[in-house]
Amino acid sequence: MKKNLILFIATLLLLTSCQKDIVFPDESGSGTGTKPNSEVFTLSGTRWNLTASTTSIDYGGTIFEADLFALFAKCAIDDIHIFNANGTATDDQGIDKCDPTGPQTVTNGTWKLSSDKKVLTLATTVPNAAGITTLDADVLQMDATTLKVKYITYANGPKATTITTYKRAK
């Protein structure tokens, strides 16, 4: 029963937000992982595969944990997220296309890394199911092999803290 409730709340969070542009990083923006080193690594022109995404939903003081990655369709697991050098963001459907008739790649937003490399801002021209068009994510780890970010969203009240991890794609 508890597992079904968690799945329901996670699905509700993903699908039912009526507020836009309400995503905020932690006030400190400090992150807890490997600190980016601008001399060694740059995000510009890199390609990434999603490897994990978990969320903690605070529902009236009760915390529900959910594995969002487990909810992704199999065809979406090999998608590649590209941070183009010109500041645009492109999604590539990968080998296993979810929509065989759709384009292989779609540039549907922009990205910007703060000057201190602690906050990654993503803006999309296509709102997600929760209506979010802009996302500010704290960078927890960013190096040649791993990109890990944390962001907070609110969907009809409950606070959700999500941590998403990507691995560098070839």
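Reported to the nearest whole Å, the Cα centre-to-centre distance from segment 142-159 to segment 82-127 is 16. Computed with every protein chain present, the accessible area of LEU71 is close to 80 Å² [probe 1.4 Å].
For segment 37-148, with all protein chains in place and a probe radius of 1.4 Å, 57% of the accessible heavy-atom surface sits on carbon or sulfur. Start at zero, step by 10 Å, and the Cα-Cα distances of segment 77-135 spread as 22, 46, 28, 4, 0 percent across the bins.
Under a model in which nothing but the beta-carbon of Lys, Arg (+1) and Asp, Glu (-1) is charged, segment 56-161 shows a dipole of about 260 debye around its Cα centre. Rounded to two decimals, the Cα-based Rg/Rh of segment 114-170, with Kirkwood Rh, is 1.00. When the listed pairs LYS117/LYS167; LYS74/LYS118; LYS74/LYS112; LYS97/LYS170; LYS97/LYS159 are checked against a 27 Å cut-off, the alpha-carbon distance exceeds it for LYS74/LYS118; LYS74/LYS112; LYS97/LYS159.
The values are calculated or read from the model by the stated rules, or taken from the named source; none is laboratory data. Treat the numbers as computed from the prediction; the structure is a model and nothing was measured. All Cβ positions, glycine included, derive from the backbone under ideal geometry; neighbour counts span all protein chains shown. SASA here: full protein model, heavy atoms, side chains in, ligands and nucleic acids out. Shrake-Rupley method; radii C 1.70, N 1.55, O 1.52, S 1.80 Å.
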